[in-house]
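Rule-based calculations on the coordinates, nothing more; no lab input. Not measured: the values here are computed from a predicted model.
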Amino acid sequence: MSDTSSPRPSLSSSGRSGIPTDGAFREYISGGWAERPDLTPSPRVAAPYAAARRLRLSAQYPGARLIVPAGPARVRSNDTDHPYRAHSAFAYLTGWGADAVADSVLVFEPTDDAHEATLYFRPAAGRDTTEFYANAAIGEFWTGPRPSLAHVAADLGLATRDLAELEAVLEAVDATTLVVRDADDTLTDQIDGRRLLAAVDAETVEDEADATFARDVSELRFVKDDWELDEMRAAVAATKRGFDEVIADLPAAIAAERGERVIEGTFDRRARIDGNTVGYDTIAASGPHACYLHWTRNDGPVVPGDLLLIDAGVELDSLYTADITRTLPVNGRFTDVQRRVYEAVLEAADAARAIVRPGIRFREIHAEAMRVVAEKTASWGLLPGTAEESLGDAQWHRRYMIHGTSHHLGLDVHDCAKARRELYLDGVLEPGMVFTIEPGLYFQADDLTVPEEFRGIGVRIEDDIVVTDDGCELLSGGIPRTADDVEAWMASLRG
Ligand code: GLY
Ligand code: MN
C-alpha cells in the first residue's frame with residue numbers, strides 16, 4: 001500500500017499527455033453508461049480452506065492484531081510496473097491469487113476469544129470519479145474494473161472494507177500489533193512510526209516479534225491441504241503441456257540464433273495461457289550452459305548433439321507453482337556418455353525418493369542423493385579418493401553438484417523459506433508436505449578434473465512429490481524420466 005488516501009498519481013499530470021479534468025468534461029464522461037449488475041458470486045473453492053488457515057493462525061496469536069499486506073505494484077521503470085503479484089502470505093490467508101487488487105491488507109483484529117479478519121482493499125471507483133478515466137495507474141479506463149466490496153466479500157467469504165478505512169487500524173497500532181514486514185515497505189514504515197508514537201520499542205518488535213510472526217506464517221504452509229494438493233497437480237499438468245510444446249518447437253529453437261529464447265518463449269506462453277505466469281524465470285540451458293544452475297539469460301543457441309536442460313514451472317491463477325526439470329538430448333538421442341551421466345542422476349533421484357515417508361528427516365533425502373553422486377563420480381575416477389572419504393569431510397563430489405537436493409514447494413517456488421531450520425532441514429516429514437527432488441551432475445566445459453568426454457555436460461532431473469501416509473506420490477511422474485522414455489517422448493512429439 002502506498003498511501004491509503006491518494007492512490008498513485010495519474011498520467012494526466014505528466015508533460016506528455018493532457019487529459020481534460022475540468023468539471024464540465026468530468027460531468028460529461030461520468031454519464032451515459034449502462035447499469036452494470038454486480039452479481040454476487042458463490043464463494044470460491046479456496047475460500048473455506050483459507051478460512052481454516054486463518055483459524056490456525058488466530059489460535060497461535062491470541063490478543064494480537066495481525067497485519068498481512070498484499071503489497072503494492074512494483075515499478076519496473078518510470079511509470080511502468082511489473083505484473084502485479086500479491087505476497088504469498090496474503091494469498092495463503094485470503095485465497096486471493098492472480099486477481100488480487102494491489103495494496104490490499106488483511107487485518108486480524110483480536111476479539112475476546114479469537115480474531116475478526118477483515119480484508120481492506122480499494123474497491124471499484126465510481127464513474128463519477130476522476131480516477132475512473134484519468135488515473136493511468138489504477139483507473140478503470142486504463143487497467144480495467146476492480147470488484148466491489150460486496151463482490152469480494154462473497155467471493156472470498158471474508159468481511160471487506162474500503163482501503164480508505166485502514167487509517168483506523170493504523171491509529172490502533174500498539175505493542176500487540178504484528179506485520180508481515182516484507183510485503184509492503186510503505187505500510188510497514190507507517191506501522192513502525194505508529195509504534196514509536198505508542199512508545200513501543202519498534203526495533204525489538206521488528207527483530208523479534210515481527211520476525212517470529214513471519215516465521216510462523218511460513219511454517220503454517222509446510223503441510224498442504226486438499227485444495228492445495230489439487231492446485232499442485234494442476235500446476236504440474238500445465239507444466240507437462242509446456243514441456244510437450246518445447247519438444248515440438250525444438251526445430252525452431254535449433255534454427256534460431258538464440259534458440260534458448262525460443263524454448264523460454266514457448267514454455268512461458270503455455271504458462272500465460274494455462275496459468276498466471278511462470279513460477280520463476282525459466283531456465284533454458286543448452287550445452288555447457290546447463291552447468292550454470294540458474295541460467296536465465298537464455299541467449300545461447302540450441303545445438304543438435306548437445307543436451308538441453310529446461311527447469312520451469314507454471315504458476316496457476318491461485319499462485320501455486322510447479323518446479324520441474326528435464327534434460328533432453330536436442331536431437332532426440334542421448335550419446336553414450338550423456339546417457340551414463342543421465343542415468344547416474346536418475347539413480348540418485350530414485351534412491352532419494354525411495355526413502356521418503358513420514359517420520360524421516362528432510363535432510364536424509366539429500367544425504368541419500370549424495371551417496372549415489374559420490375559413488376558414481378568415484379567409480380568414474382573423478383575424485384581424488386574414495387566415495388566414503390568424499391562423503392566424510394572431503395566432499396569432493398559436491399564440486400559436481402553444489403546445490404541441495406530438495407526444497408519445499410507451493411505458493412513460492414522455494415516455499416516456507418522463513419521456517420526454522422529445525423522444522424525445515426532438520427524437520428521430520430509429515431503427510432501433505434510437497435517438495436522437489438532434484439539431483440544433478442554438472443561438468444563445466446573447462447573443468448580439468450574430468451575427462452574431456454564429460455566436459456560441457458550438465459544434467460538435472462527435478463520432480464515434485466507429496467508425502468503420503470506410507471511413502472510419497474510422484475506428482476510429476478507423468479513427465480517422462482528415464483532416458484528411454486525421454487527418447488520415446490521426443491520421438492512421439494517430433495514425428
Ligand atoms: N527451479 C529453480 C530452483 O529450484 O532453484
Ligand atoms: Mn527446484
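Radius of gyration (Cα atoms) of the range 298-420, expressed as a multiple of 2.2 N^0.38 Å: 1.23. Relative to the compact-globule estimate of 2.2 N^0.38 Å, the Cα radius of gyration of the range 326-398 comes out at 1.25. All Cα-Cα separations within the range 363-495 were binned at 10 Å from zero, giving a P(r) of 11, 33, 32, 21, 3, 0, each value a whole percent of the pairs. Relative to the longest principal axis of the Cα atoms of the chain, helix 47-60 runs at roughly 90 degrees. Along its first, second and third principal axes, ordered by size, the chain spans 78, 51, 39 Å in Cα coordinates.
Which value results when the Cα radius of gyration for the range 416-464 is divided by 2.2 N^0.38 Å?
1.74
Based on the reciprocal of the average 1/r between different C-alpha atoms, the Kirkwood radius for the range 298-350 equals 12.9 Å.
Taking only the alpha carbons of the range 234-391, we obtain Rg and Dmax values of 17.3, 51 Å in that order. Using Cα-only point scatterers and the Debye equation, what is log10 of I(q)/I(0) for the range 60-190 at each q in 0.09, 0.19, 0.20 Å⁻¹, rounded to two decimals? The Debye formula, applied to the Cα set alone, gives -0.27, -1.15, -1.26.
Taken one residue at a time, the phi angles of the range 379-396 give Karplus couplings (6.51, -1.76, 1.60, θ = phi - 60°) of 5, 8, x, 8, 9, x, x, 7, 4, 4, 4, 5, 6, x, 6, 5, 6, 4 Hz. Gly and Pro are set to x. Using the Kirkwood radius built from alpha carbon pairs, what does the Stokes-Einstein equation give as D for the range 215-317 at 4 °C and 1.567 mPa s, in µm² per second? Taking Rh from Cα pairs, D becomes 90 µm²/s.
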